[in-house]
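Engineer: Please read through the structure below; I'll follow up with questions.
The values are calculated or read from the model by the stated rules, or taken from the named source; none is laboratory data. For clarity, every value in this text was computed on a predicted model and none was experimentally measured. All Cβ positions, glycine included, derive from the backbone under ideal geometry; neighbour counts span all protein chains shown.
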Amino acid sequence: MNFTLKVWRQANAKSAGRLETYAAKEIPSDASFLEMIDIVNDHLEADGKEPIAFAHDCREGICGSCSMMIDGVAHGPVKGAATCQVHMRSFKDGQVITIEPWRSVAFPVLKDLVTDRSAFDRIIQAGGYISAPTGGARDANEILVAKSDSDSAMDAAACIGCGACVAACPNGSASLFTGAKIAHLARLPQGQPERYKRVELMVAQMDDEHFGHCTLYGECQAACPKQISIDVIGLMNRDYIVAMATKTPDMAGASGHG
Amino acid sequence: MNMLLTFWRSTIGKKVVMGVTGLIGLGFVIGHMAGNLQAFSGAEKLDAYGALLHGPLHELLLIARVVLIAAVILHITAAYQLTMISRAARPVDYAGRKPQVSTLASKTLKWGGVLLLVFIVFHILHFTIGTVHPDFVDGKVYRNLATGFEVKWVAAFYLVAMIALGMHLYHGAWSSMRTLGLARQSAHPLKRYLPVALAIVISLGFAVIPLAFLLGVLR
Ligand code: HEM
Ligand code: FES
């Protein structure tokens, strides 16, 4: 298959970028989208040109590195798939494909298609953890978890932190990501001790990173390679309201609460 | 006080304020629509209803007005600030972003909201204060409707505004439940049934009045 690529090229975080046009020739239809770029890069390197920089690691949809906007759609045309799980057979022969990095003030472009998503790490650091006592491992069934709770917690925990939700959101909101991280702990007994402190801290960090707000367009859910539901946003908001309503001024420190 | 400030400063807090004030607006428009529909029972009935609100119930009317004005101001302030925050969240835009599931209602929420604001101001000057009405007579509610809607573009503006209201509520009545964390978990969270019915009933319930005068059903 043959394609014409329009790819965002940007030398570094400070320089201006632009869309460059490349021919992707003789691409096998069962090549993944990343393999297609690999082939184009081989040709670029053979010609002594700078290859297209893109982030990738697992190439099986679990690490969340391979973030790119493909023809205006985060992770491209396949529902519930990361870019690395999209194959060229999903495109038409001869198609012009535009490839851009995530666009968010919180995700600065480092080079070409590579963005810095450490804003997500800082949201997790703010409260996306539980405190557990050290010592011997506890009995596996000591804390009982209802099947429905563990299922919905696992649905939220499927988040790979790729940033597609932010990228696809007209507002550049990180509500689906933050909501998923909050929900997967809030739906389990282990997450309860710090539940309301957690939502307070993580939401504050999310805002500090200058992500936008949630209008409930639903674009995040449609873009998510793990198809995480906007239900997690409702849970986050409810817990945030409870956290604010029950907060007492002397508990302003980082200690657990709730 | 501190918490209230933290809450208001957060994007979720502002959005919750929008949801609550929007629902106050929804409650009001349902009541207002029901009141208006008395026009179909004749001039005496409608004028008597107006007299009731301005006479025995005038304290209630005053409270409602204060609450509604506060709600509108908060709603608009939050809408404006959130719009600015989110605009700043994407300083470099895409060459092309293709929305997958956004509804027309969600895409037009902001400009539809601006239209509603213009409408609300016009509407108050038109039927409450009477300054932009061609021939306003205090207390003659039905007569003011009839003469007011003789101006064709005014009647048309009312119809357009009611389409905007219906769209605003098609999104808002649904999204506010999620903003406030009241919606139940759902396998299809974007599906909505009650908000469709609400939007249609409310926008039609208001629109039938100018339509009836335009078509000569009421005169
Ligand atoms: C006065 C002019 C108005 C403006 C400028 C306005 C603007 C907006 C905007 C921009 C949003 C979307 C917020 C977002 O981006 O998430 C919104 C949501 C909403 N609006 Fe309005 N609006 C107005 C009037 C009204 C009226 C009259 C009603 C009720 C009858 C109403 C009910 C709602 C509701 C229920 C929501 C959803 C809030 C949520 O999702 O929590 N609005 N409005
Ligand atoms: S490379 Fe790991 S998710 Fe695509």
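Engineer: Return the only residue of B:198, B:190, B:215 being modelled with pLDDT under 95 and either over 14 Å from residue B:146 (Cα atoms) or surrounded by 12 or more Cβ atoms within 10 Å (Cβ to Cβ) (or both).
Structural biologist: Working: B:198 fails: modelled with pLDDT under 95; B:215 fails: either over 14 Å from residue B:146 (Cα atoms) or surrounded by 12 or more Cβ atoms within 10 Å (Cβ to Cβ) (or both).
Result of the check over B:198, B:190, B:215: B:190.
Engineer: Test residue A:48 against the stated conditions and say whether it is more than 16 Å from ligand 1 (Cβ to nearest atom) and surrounded by 19 or more Cβ atoms within 10 Å (Cβ to Cβ). Quick ask: steps written out before the conclusion?
Structural biologist: On the way: more than 16 Å from ligand 1 (Cβ to nearest atom): yes; surrounded by 19 or more Cβ atoms within 10 Å (Cβ to Cβ): no.
No, not satisfied.
Engineer: For residue A:106, are the conditions met, namely being away from ligand 2 (no atom under 16 Å from the Cβ) and of a type outside the set (Lys, Arg)? Break it down stepwise before answering.
Structural biologist: Numbers: away from ligand 2 (no atom under 16 Å from the Cβ): yes; of a type outside the set (Lys, Arg): yes.
When the stated conditions are applied, residue A:106 passes them.
Engineer: Residue check, residue B:20 against (1) over 24 Å from the mean Cα position of the chain (by Cα); (2) within 12 Å of chain A (Cβ to nearest Cβ), all met but one. Which one?
Structural biologist: Among (1) over 24 Å from the mean Cα position of the chain (by Cα); (2) within 12 Å of chain A (Cβ to nearest Cβ), the lone unmet condition for residue B:20 is (1).
Engineer: Residue pairs, Cβ under 6 Å, 6 or more apart or interchain, first in region A:45-67 and modelled with pLDDT of 95 or more, second within 16 Å of ligand 1 (Cβ to nearest atom) and of a type outside the set (Ser, Thr, Tyr). List them.
Structural biologist: Hits for this filter: zero, empty list.
Engineer: Look at residue A:199 and say whether it is in contact (Cβ under 8 Å) with a residue 12 or more places away in the chain, at the interface with chain B (Cβ under 8 Å from one of its Cβ atoms), surrounded by 24 or more Cβ atoms within 10 Å (Cβ to Cβ) and closer than 11 Å to residue A:127 by Cβ. Break it down into steps so the answer makes sense when it comes.
Structural biologist: Working: in contact (Cβ under 8 Å) with a residue 12 or more places away in the chain: yes; at the interface with chain B (Cβ under 8 Å from one of its Cβ atoms): no; surrounded by 24 or more Cβ atoms within 10 Å (Cβ to Cβ): yes; closer than 11 Å to residue A:127 by Cβ: yes.
Here the answer is no, as residue A:199 does not meet what is asked.
Engineer: Condition check: more than 12 Å from the chain's Cα centre (by Cα) and buried (at least 21 other Cβ atoms within 10 Å of the Cβ). Does residue A:183 satisfy that? First the steps, then the outcome.
Structural biologist: Numbers: more than 12 Å from the chain's Cα centre (by Cα): yes; buried (at least 21 other Cβ atoms within 10 Å of the Cβ): yes.
Criteria met by residue A:183.
Engineer: In addition: Of the numbered conditions (1) away from chain A (no Cβ under 14 Å); (2) among the hydrophobic types (A, V, I, L, M, F, W, C); (3) in contact (Cβ under 8 Å) with a residue 24 or more places away in the chain; (4) assigned to a loop (DSSP other than H, G, I, E, B), residue B:136 satisfies every one except a single condition; which is it?
Structural biologist: Only one criterion in (1) away from chain A (no Cβ under 14 Å); (2) among the hydrophobic types (A, V, I, L, M, F, W, C); (3) in contact (Cβ under 8 Å) with a residue 24 or more places away in the chain; (4) assigned to a loop (DSSP other than H, G, I, E, B) is unmet by residue B:136, namely (3).
Engineer: If you don't mind, another one. Does region B:146-158 contain at least one residue that is more than 27 Å from residue A:236 (Cβ to Cβ), part of a helix (DSSP H, G or I), free of Cβ contacts under 8 Å to residues at least 24 places away in the same chain and touching an Asp or Glu at 6+ places or on another chain (Cβ under 8 Å)?
Structural biologist: yes
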